[in-house]
Each structure stands twice: as C-alpha cells, then as structure tokens.
Amino acid sequence: MTIRVLVADDQAMVRGGLRLILEDQPDIEVVAEAADGAEAVEAARRLRPDVSLVDVRMPRLDGIEVTRALAGPGVPDPLRVVVVTTFDLDEYVYGALRAGATGFVLKDCGPALLVEAVRAAHQGDALVSPSVTLRLLRHLTAQLPAQLPAAGRADHPLSNREVEVVRAVARGRTNQEIAAELFISLSTVKSHVAGIQAKLGLRNRVEIAAWAWENRITQP
C-alpha cells in the first residue's frame, strides 16, 4: 500500500529535498506540497493524505495552528501530522504536541529517520527524535510545580504493567522495542497502549508521553 504524504514548508529547497527523500522509497508518494500553513490546511483537508509533514515556522498559519486544525481536539476525523523542525524553541514543539501531532523529527535527522517517522505515523504509531525527547523532557520538568511528587501522582488508574509501557513510550520506544524490553508480545503492547489511551482519555502515543512527563513517572 502506498503512503500518501503532504509536505508543508515555506522553503522550496526544503520541500524539494523532502520529496526526493520520500519518493526514493517504493511505498511513499508525495501527493502535494504547501508553501504556507493556510495552503497546507486546505490541501490536507481536500486530499486527506495519510501523513502530513509540517514545518513549525510558516507564513499565515504556523505549524502548531496547522496541526491543531488538522488533528486537534474537536476535529471529528483527525489527520496524522508529523512536525519537522529545527527545534529552535522547545515550546513550539510542546505546543504542537498538545495540538495533536503524532511525531517530531529534526530537519537534520537524516533520511532514514524521516522515512521511519512517516511509516510509523501511517501505522498509527509515533516516532520522536531522541534528542527532541530529551530536550522536551527537560523543558517540561523545569516548568512542573515543585509540589508535584517526583514519583508522579498516585491517583492515576493504570496498572503497574501499563505504567511500564507509559515510561517506554515517553522514552520514544516503538512498539517492537517495548515488546523486546518488557518481554511481551507485540499484540500485548498494542493492547496496553490502547487501554492506556482509553483510561487517560488520550488520543495517541505522543499525548501519552506528555502525560508521563507532566506526572513525572518517566523513571521507576
């Protein structure tokens, strides 16, 4: 099955480079390009690509606004958005996360990670660049209230195994990596992730990671 991708970036050279990387793969097709945020939203709603790659900084609408319009709370049939950023400002990435993004990759991450992020999003998974995860974790931890217990709130409804899965998700692990790390099957991991989302009222793995960071349960 071909993965249909929309690429949104205000720099023509960047869009062209992303297109070359993606269309070098036999299972990926770039169906549209957008030079600004408003154009990205219009094209995504019209074409409904499987994955939209969206830059954070764009004219008219920035990447956070684009993500919220396509995948944010209240969107009845949300699209999958992966934010591609130079990570100049940590709060931009956190804002995109809260707006519904399903992944984050740096522009200099390399072709392999970019392609992996697109495939992960298409499969309903999420991929976050490890360096993004670490910097975002530091950013969030610095902003958390001091009275919040370091071990996290005790009133969450998760089982011990689900907490282990949450911690792994917050570290950017894929389902396959979580299965190997916890010595459980891939189907069991997927079941746990679905159960965690249902219990916490979250929509995707990136929101699970944000919940873990905010509640300080990223470490045993």
Problem set entry | Residues of the stretch 11-64 satisfying the condition of being more than 16 Å from VAL82 (Cβ to Cβ) and small (Gly, Ala, Ser) | ALA12, GLY16, ALA35, ALA38
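Only one of GLY100, GLY72 is without any contact (Cβ under 8 Å) to a residue 60 or more places away in the chain, in contact with a Gly (Cβ under 7 Å, 6 or more places away or on another chain) and not hydrophobic (A, V, I, L, M, F, W, C). Can you tell me which?
One residue alone meets the criteria, GLY72.
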Problem set entry | Per-region count, the stretch 180-203, residues surrounded by 22 or more Cβ atoms within 10 Å (Cβ to Cβ) and outside any helix (DSSP H, G or I) | 0
Exercise. Within the stretch 52-63, can one find any residue that is among the β-branched types (Val, Ile, Thr) and under 24 Å from GLU214 (Cβ atoms)?
Worked result: yes
For this session: For the stretch 1-18, name all the residues that are under 17 Å from HIS122 (Cα atoms) and of a type in the set (Lys, Arg).
Result: ARG4
For this session: Might you check whether a residue that is closer than 25 Å to ALA99 by Cα and either open to solvent by 20 Å² or more (accessible area, probe 1.4 Å) or modelled with pLDDT of 90 or more (or both) occurs anywhere in the stretch 208-215?
Result: yes
Seminar exercise, completed: Checked the stretch 34-54 for anything closer than 21 Å to VAL118 by Cβ, open to solvent by 10 Å² or more (accessible area, probe 1.4 Å) and outside any helix (DSSP H, G or I); matches are ALA35, ARG48, ASP50
Problem set entry | Test: residue in the stretch 74-96 that is modelled with pLDDT of 90 or more, open to solvent by 20 Å² or more (accessible area, probe 1.4 Å) and not in a loop (DSSP other than H, G, I, E, B) | no
Exercise. Any residue at all in the stretch 14-29 that is part of a strand (DSSP E or B) and either open to solvent by less than 30 Å² (accessible area, probe 1.4 Å) or in contact (Cβ under 8 Å) with a residue 24 or more places away in the chain (or both)?
Worked result: yes
Seminar exercise, completed: With criteria (1) in a helix (DSSP H, G or I); (2) at pLDDT below 85, ARG119 comes up short on (2)
Seminar exercise, completed: Expected single match for of a type outside the set (Asp, Glu) and in contact with a Lys or Arg (Cβ under 6 Å, 6 or more places away or on another chain) among ALA101, ALA38, ALA43 is ALA38
For this session: Only one of these is part of a helix (DSSP H, G or I), at pLDDT 90 or above and more than 19 Å from GLY72 (Cα to Cα): GLU164, GLU177. Name it.
Result: GLU164
Problem set entry | Odd one out for LEU70, checked against (1) modelled with pLDDT under 95; (2) under 14 Å from the mean Cα position of the chain (by Cα); (3) of a type outside the set (Lys, Arg) | (1)
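The values are calculated or read from the model by the stated rules, or taken from the named source; none is laboratory data. For clarity, every value in this text was computed on a predicted model and none was experimentally measured. Ideal geometry is used to build each Cβ from the backbone, glycine not excepted, and the neighbour counts take in all protein chains shown. Ligands, DNA and RNA are stripped out before the accessible areas are found, and what is left, the full protein with its side chains, is counted by its heavy atoms. Shrake-Rupley method; radii C 1.70, N 1.55, O 1.52, S 1.80 Å.
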